[in-house]
1. Can you give the Rg to Rh ratio of chain B, both from alpha-carbon atoms, with Rh computed by the Kirkwood formula?
2. Most fluctuating residue of A:Glu85, A:Glu119, A:Glu28 in a GNM of chain A with Cα springs under 10 Å: which is it?
3. If you wrap region B:210-298's Cα atoms in a convex hull and average its projection over all directions, what's the area in nm²?
4. Share of Cα-Cα pairs in region B:2-108 beyond 16 Å, in percent?
5. Is there a quick way to get the dipole size of region B:47-158? I mean about its Cα centre, with the Cβ of Lys and Arg at +1 and of Asp and Glu at -1; what is the value in debye to the nearest 20?
6. Would you please classify the overall shape of region B:123-262 from the alpha carbon gyration tensor, given that a ≥ b ≥ c denote the square roots of the eigenvalues, rounded means a/c under 1.5, and beyond that prolate means a/b larger than b/c while oblate covers the rest?
7. How much of the DSSP beta bridge set in region B:134-290 is antiparallel, as a percent to the nearest 5?
8. Along the charge dipole of the protein assembly as shown, which of A:Gly115, B:Cys11, B:Ala152 sits closest to the positive end, that is, farthest toward it, with unit charges on the beta carbon of Lys, Arg, Asp and Glu (+1, +1, -1, -1)?
Amino acid sequence: MTKVKSLADLKAMREKLQSTLDVREKAENPESLVQIKVAMATCGIAAGAKQVMEHMMNKASELGIAAVFTQTGCMGYCHAEPTLEVRVPGKDPIVFGHVDNNRADEILTKYVQNGELVEGIIPVNYETIDK
Amino acid sequence: MHVLICGGTGCKSSNSLQIIENFHNILKEKGLQDEVQVIKTGCFGFCEKGPIVKIMPDNTFYTQVKPEDVRRIVEEHLVKGRKVPELLYMNPENKEHVSDSKHMDFYKKQIRIALRNCGFVDPENIEESIARGGYEALAKCLSEMTPEQVIAEMKASGLRGRGGAGFPTGLKWELCAKNKADQKYVICNADEGDPGAFMDRSILEGDPNSIVEAMAICGYAIGATKGLVYIRAEYPLAIDRLKIAINQAREYGLLGENILGSDFSFDIELRYGAGAFVCGEETALIHCMVGQRGVPTL
Ligand code: FES
Ligand code: FES
């Protein structure tokens with residue numbers, strides 16, 4: 001281990017290490033972040049939701065989007081798997097269906113970053129009870 | 001995903017180490033060991049309901065987890081994304097399950113300052129501390145401030161001792177700085193002997209690096225090059241973690257000769273107390289450390 005030599009070194013080191021705690025840091029304050037829930041019930045997984053989620057997580061960190069990914073169970077849209085719900089702070093959640101890697105990229109670059117709508121939106125027909 | 005498991009003394013005594021081992025084994029069995037990180041943390045402050053297991057990023061707070069519950073947590077929560085309701089904390093007033101700590105009455109009113117890292121970082125890994133800004137205050141003192149400025153800052157902060165007397169810390173440091181001596185020592189009083197007191201332990205076990213950093217800052221301010229921690233021998237875990245932190249800090253050049261490339265050197269040693277309540281008192285403590293009877297003097 002080379003020794004840390006200055007405040008600047010230490011700060012640089014912190015910057016490098018910070019991402020390892022990202023998952024925890026974000027969990028403390030989920031409301032202020034983009035929340036993406038991926039339906040991961042049997043059919044979601046079968047349709048490849050897991051790969052899409054992984055791809056999307058990488059892409060999000062590449063783009064510098066602060067997002068929290070969670071898995072949820074069945075959202076009831078088996079016909080449109082993989083499905084995911086995206087909640088941008090201050091906006092109503094939107095559900096996207098048939099999400100593959102390309103569409104996942106689009107969702108991030110177009111919808112999350114620029115607020116444009118992209119294809120594949122499923123009209124939301126449910127409400128959640130907020131605790 | 002990160003699984004944080006409390007490795008504090010409270011939870012350890014109710015088998016949290018076995019829980020950690022089970023997580024490792026079951027995750028491996030499912031091929032998830034790379035995706036899910038298992039971290040042993042310090043005390044969450046909720047020992048009453050321990051062992052505590054926290055799942056990030058959804059901030060799920062499981063209480064009173066038993067080793068045999070681990071399989072369900074992995075299979076249901078980590079794989080399928082469904083929380084295990086029976087293990088969630090139950091609000092004693094309305095009997096409802098609360099899934100994350102943010103919505104628990106116990107945590108709602110808390111703002112953690114000294115304990116900010118407890119239950120959040122892995123206390124045996126200095127890098128997690130650094131990632132949270134650890135040792136930056138020390139670096140700042142050494143590179144941008146004179147010892148006098150550090151003391152002035154301390155006085156301005158209004159920080160006081162947390163014992164009954166509430167002695168102003170800045171004033172204490174100033175008095176020590178003015179005193180002339182060949183060798184000065186910073187003594188950290190980690191002799192927690194009051195019946196039922198269990199909080200020094202929290203910080204020692206959960207965030208030992210902040211103790212190391214703070215002692216070094218104090219040493220710089222008062223002109224001491226040696227630090228001693230007087231700690232109860234009954235706190236084996238706190239001792240272990242403190243030792244790890246000290247060693248890691250040395251490795252990273254944050255303790256020892258020429259800290260952070262400056263000309264300030266400081267190192268820390270531990271002294272064990274035999275568990276006498278009176279040895280928490282300053283003069284008795286010093287007597288005890290030099291090998292005399294632990295009795296207070298005026
Ligand atoms: S299992 Fe996929 S929507 Fe029901
Ligand atoms: S020791 Fe686990 S919560 Fe305190």
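Every number here is computed from the coordinates shown, using simple stated rules; none is lab data. As the structure is a computational prediction, the values presented were derived from the model and not from experiment. Neighbour counts run over all protein chains shown; Cβ positions are idealised from the backbone, glycine included.
1. Working: Rg = 21.2 Å, Rh = 20.9 Å.
With Rg and the Kirkwood Rh in hand, the quotient comes to 1.02.
2. Maximum among the listed residues: A:Glu28.
3. On the way: hull surface 25.0 nm².
Mean orientational projected area (region B:210-298, Cα hull): 6.3 nm².
4. Details: 3015 of 5671 pairs.
Counting pairs separated by more than 16 Å, the tail of P(r) holds 53 percent.
5. Numbers: 17 positive and 19 negative charges, 75 e Å.
That gives region B:47-158 a dipole magnitude of about 360 debye.
6. Numbers: a/c = 1.64, a/b = 1.13, b/c = 1.45.
Verdict is oblate for region B:123-262.
7. Antiparallel bridges make up about 15 percent of those DSSP assigns within region B:134-290.
8. B:Ala152
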